[in-house]
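Trainee: Supplied in C-alpha cells, the structure appears directly below.
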Amino acid sequence: VLEEPESYRQLYDRLWREAEDALADGQYQRAEVIHMERLQYIDHHVKLQTNPQILHDAYVAYAQFLLRYASQFVYLSGVRNESTVEGYQMLLKKARESLSIATQHVTNNWETAVLYASVLLELDQRELAGEVLHHAIEIQRGADAITGLDVAFHEFSGYESDNLIPVHPRVYAVLAAYFSMLERPLETRKALLLASRSVVDRTNVCLCGVFD
C-alpha cells in the first residue's frame, strides 16, 4: 500500500518536532539547522508564507529555541570568557530579530511582546523595551481602556498606575526589571506590588469558578 504524500502542514509540524527532539538530546546545532529549514520551507510555500499566524509561530519557536540555547551556552562551553559572552550575545540578538519579525506578522499577541521586551532588556535596549511593554499592556487592556495609559505608564509610582489593572503578572514582572534597570526603585516596587495583586486576583477568579 502506497503511503499518502506528506502535506505541507504535516511537514511543517514534523520539522518542529524534530527540532524539539534534537534540542532534548542536546544537539543544539542540529536543532537550529532544522528551525532554519522550517523557516526556509515557509518562504517557499505560498499557503504558509501568506498565513500570518504560521509565520508568527515559526519565528517565536525559533526565538524560544535560541533563548534556551543561550541559557546553556556558557555552561556548555565550560568557561566564561570574551568568546563565550560574544556567543551568548549573538544568540540573544538572533532571538531579538526573530521576535521582531514575529510581532510584525501578529501584532496583538501580548506574550510575544513580553518575551521580545525581555530580550531587549537583556541586550540593554531599554527605550525600545519600554515601548514594547507599553504595547503589551495595550493589547491586554483593549482599545476601550487605553485612556490614561500613557500617564499611568510614565508616572508609574503614582495612583495612575492602578489603571493598568488587570494585566498578567508576567507583564508586571518584566516591568519591574525594566524600572530596576532605569534605577527607579519606587516604580520597581509598585510593579512588584501589582504583580502580587494580579496573582491574587487571578487565583480568586479561578477559585470562584471552582466553588460557584
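Trainee: ³J(HN,Hα) across the range 29-37 via Karplus (A = 6.51, B = -1.76, C = 1.60, θ = phi - 60°), whole Hz, x for Gly/Pro?
Mentor: Working through the residues one at a time gives 5, 5, 4, 5, 4, 5, 4, 5, 4 Hz.
Trainee: Residue by residue through the range 134-142, what is 3J(HN,Hα) from phi via Karplus (6.51 cos²θ - 1.76 cosθ + 1.60, θ = phi - 60°)? Round to whole Hz and write x for glycine and proline.
Mentor: So the J values, rounded to whole Hz, are 4, 5, 4, 5, 4, 4, 6, 6, x.
Trainee: Once ligands and nucleic acids are excluded and a 1.4 Å probe is used, how much of Phe179 is accessible, expressed in Å² to the nearest 10?
Mentor: Counting only protein heavy atoms, the figure is 0 Å².
Trainee: Rounded to the nearest 10 Å², what accessible area does Thr103 show when all protein chains are kept and the probe is 1.4 Å?
Mentor: Surface accessible to solvent at Thr103 totals approximately 40 Å².
Trainee: Computed FRET efficiency, Cβ-Cβ of Gln10 and Arg184, R0 45 Å: what is it to the nearest 0.05?
Mentor: Numbers: r = 50 Å, r/R0 = 1.11.
The pair Gln10/Arg184 has a calculated efficiency of 0.35.
Trainee: How do Arg38, Arg30 stack up against each other in accessible area, from largest to smallest, with a 1.4 angstrom probe?
Mentor: So, going from the largest accessible area down, we get Arg30, Arg38.
Trainee: Given a Förster radius of 35 Å and the C-beta distance between Arg170 and Val46 as r, what FRET efficiency does 1/(1 + (r/R0)^6) yield to the nearest 0.05?
Mentor: Details: r = 36 Å, r/R0 = 1.02.
Efficiency, from the Cβ-Cβ distance: 0.45.
Trainee: Heavy-atom accessible area of Ile101 with all protein chains present, probe 1.4 Å, nearest 10 Å²?
Mentor: Around 60 Å² of this residue is reachable by solvent.
Trainee: Can I get the semi-axes of the range 1-104's equivalent ellipsoid? Compute them from the C-alpha gyration tensor as square roots of 5 times the eigenvalues, in angstrom, largest first.
Mentor: Working: eigenvalues 166, 60, 14 Å².
The three semi-axes for the range 1-104 are 29, 17, 8 Å.
The values are calculated or read from the model by the stated rules, or taken from the named source; none is laboratory data. Bear in mind the structure is a predicted one, so any value in this text is a computation, not a measurement. Cβ coordinates were reconstructed from backbone atoms using ideal geometry, including for glycine residues, and neighbour counts include every protein chain displayed. The area values use the complete protein model at the heavy-atom level, side chains included, leaving out ligands, DNA and RNA. Shrake-Rupley method; radii C 1.70, N 1.55, O 1.52, S 1.80 Å.
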